[in-house]
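One structure is given here, and the rest of the page talks about it.
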Amino acid sequence: MSGSDLIMYEEEFSRIDDELQRLYVQTNAKVVFLVDKNGQLIASAGETRDIDTTSLASLTAGNIAATGGIARLLGEKEFTILFHEGEKDNIHISLIGQRVILVVIFDKRSSLGLVRLRVKKASEALVKIFNDITTKSEKEKSVDSFDESPFAEISDEDIDNLFR
Amino acid sequence: MSFINYSSREINCKIVYYGPGLCGKTTNLQYVYKKTNPDQKGKLISLATETERTLFFDFLPLALGDIKGFKVRFHLYTVPGQVFYAASRKLILKGVDGVVFVADSQIERMEANIESLEDLRINLGEQGYDLDKLPYTVQYNKRDLPNVAPVDSMNKLLNPRNVPHFEGIAVTGPGVFETLKNVAKQVLIELKKHY
């Protein structure tokens, strides 16, 4: 493994959750969610019940990856914002600190201007949280915290049981 | 790159099925989808052309169960096999935790297998991965066809390191779950080493 695994701790998760809830309220959005660049859903806020968030997360990451590919072909580092307009719903996708993707789905109760403004503010806060996560997981790795790791104890039997 | 969430107690890992065009990567995922309990799987997403050739990727999320109180989820992806989709193929490998190389057993596809394997190595290298250090399983698919190469010679040609390999007939299922289980197991063992 590349050593760049994303590890989410309780404290940071709740900070992220607060940030997303705030953004959800401030933008009047339908759904707000955060995905890592590899397509894993990190957190969400809003009316997620009717949405297949797992699929949405993977497709969003694919979308960002494809757009990133186009950017590099054109000599750009990255296109940081994508916006798709639909008949009823719109989707605003932005890349944050090169590693996570913030997605806001909104309808006519909100506006693109408002979403852009609030996303910008939220992005700054989220970058800070993710920097903290990186620092923390590096620290945890260097300190020998293996006693607490739930994975050190995984047995072959545990793994086999998954496939029963 | 696996995603470990201590808050929701989940582990998410990414497995990519790689191989030459028409070797059966999508068919592997379709079989897994068909045979998995509804409560363990999400939607199978296929970004394909009108002629059902993979254009960008297929995606299947699987929730296998719990290990030490953590929900274990695998996200299975395929790449588009056709040579000219090279740019897209590279993107799918981002953040991969384990690779399945699906080889087409038909003698006339050996050249394509070799080319695809070479392409896999290069693309992984560009993302900072080394195939020799990743959880990696090989599947020799289409064993039901008449003109297949012997497994021994395919293994010599495509699998000099002799990583775990399985014979498969993805259309009807033999070998599909054996392959998946093997790579998933390697991914979890790798995880165990690091955390």
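Bear in mind that the values in this text are calculations on the coordinates, not laboratory data. The structure presented is a predicted model; accordingly, all values stated were derived computationally and were not measured. FYI the Cβ positions are ideal-geometry reconstructions off the backbone, even for glycines, and counts take in every protein chain you see.
Here the residues A:Lys141, B:Lys35, ranked from fewest to most Cβ neighbours within 10 Å of their Cβ, fall in the order B:Lys35, A:Lys141. Considering only alpha-carbon pairs that sit under 8 angstrom and 6 or more positions apart, the relative contact order computed for the stretch B:3-194 is 24 percent.
Which entries in A:Lys139/B:Lys193; B:Lys34/B:Lys142; A:Lys139/B:Lys192; A:Lys37/A:Lys108; B:Lys25/B:Lys133 show an alpha-carbon gap greater than 20 Å? Provide the component values of the computation, followed by the final result.
On the way: A:Lys139/B:Lys193 17 Å; B:Lys34/B:Lys142 18 Å; A:Lys139/B:Lys192 18 Å; A:Lys37/A:Lys108 28 Å; B:Lys25/B:Lys133 22 Å.
Pairs exceeding the cut-off: A:Lys37/A:Lys108; B:Lys25/B:Lys133.
For the stretch A:1-153, the calculated P(r) over all alpha carbon pairs, in 5 Å bins from 0 to the bin holding the longest distance, is 2, 9, 18, 20, 20, 14, 9, 5, 3, 1, 0 percent. Looking at the P(r) of the stretch B:56-95, how many percent of alpha-carbon pairs lie beyond 12 Å? Here the long-distance tail beyond 12 Å is 64 percent of all Cα pairs in the stretch B:56-95.
With N counted as the residues of the stretch B:1-117, its alpha-carbon radius of gyration over 2.2 N^0.38 Å works out to 1.13. Neighbour counts of other Cβ atoms within 10 Å put A:Asp5, A:Asp160, B:Asp152 in the fewest-to-most order B:Asp152, A:Asp160, A:Asp5. Given in Å, the Rg to one decimal and the Dmax to the nearest whole number for the Cα atoms of the protein assembly as shown are 20.8, 64.
Label separation (B:Ile189 vs B:Lys43): 3.6 nm, computed from points 7 Å beyond Cα along the C-beta direction.
Note on chain B: dipole from Cβ charges, positive end direction compared against B:Thr137, B:Ile11, B:Thr172; the farthest Cα belongs to B:Ile11. Quick one: helix B:176-194 against the long Cα principal axis of chain B, what's the angle to the nearest 10°, folded into 0 to 90? With both axes taken from Cα atoms, the answer is about 50 degrees. Legend: ranking of residues B:Phe74, A:Phe83, B:Phe166 from fewest to most surrounding C-beta atoms inside 10 Å; resulting order A:Phe83, B:Phe166, B:Phe74. Counting every C-alpha pair in the stretch B:1-42, the share spaced more than 15 angstrom apart comes to 61%. Each Lys and Arg Cβ is given +1 and each Asp and Glu Cβ -1; about its Cα centre, chain B then shows a dipole of about 740 debye. Quick check: the angle from helix B:25-35's long axis to the longest principal axis of chain B, C-alpha only, nearest 10 degrees? The answer is roughly 50 degrees. For the protein assembly as shown, a crude dipole built from +1 on the beta carbon of Lys and Arg and -1 on the beta carbon of Asp and Glu, taken about the Cα centre, is about 700 debye to the nearest 20. For the stretch B:1-152, the antiparallel share of DSSP beta bridges with both residues in that region comes to about 50%.
Of the residues A:Gln21, A:Gln40, A:Gln98, which exhibits the maximal mean-square fluctuation in a Gaussian network model of chain A defined by a 10 Å Cα contact cut-off? Between A:Gln21, A:Gln40, A:Gln98, it is A:Gln98 that shows the largest mean-square fluctuation. Mean per-residue shielding of peptide B:181-188 is 3, counting Cβ atoms of other chains within 10 Å of each Cβ. With the convex hull constructed from alpha-carbon coordinates only, the stretch B:3-194 shows a mean projected area of 10.9 nm² over all directions. Two tests apply to each whole DSSP H helix in chain A, Cα reach of 18 Å or more along its axis and mean Kyte-Doolittle hydropathy of at least -1.0, and the ones passing both are A:53-73, A:112-142.
In plain terms, the chain from A:Ala71 to A:Gln98 could stretch by 8.4 nm, reckoned as 0.36 nm per residue minus the Cα-Cα distance.
What angle do you read, to the nearest 10 degrees and between 0 and 90, between the alpha-carbon axis of helix B:110-126 and the longest principal axis of chain B? Tilt relative to chain B: about 40 degrees. Taking every Cα-Cα distance in the stretch B:75-122 and sorting them into 5 Å bins from zero, the calculated P(r) comes out as 4, 18, 33, 25, 13, 5, 1 percent. Taking chain B as a Gaussian network of alpha-carbon nodes connected by springs under 10 Å, the highest mean-square fluctuation of the residues B:Gly95, B:Gly125, B:Gly173 belongs to B:Gly125. Taken as Cα centroids, the stretch B:97-139 and the stretch B:46-73 sit 19 Å apart, rounded to the nearest whole angstrom.
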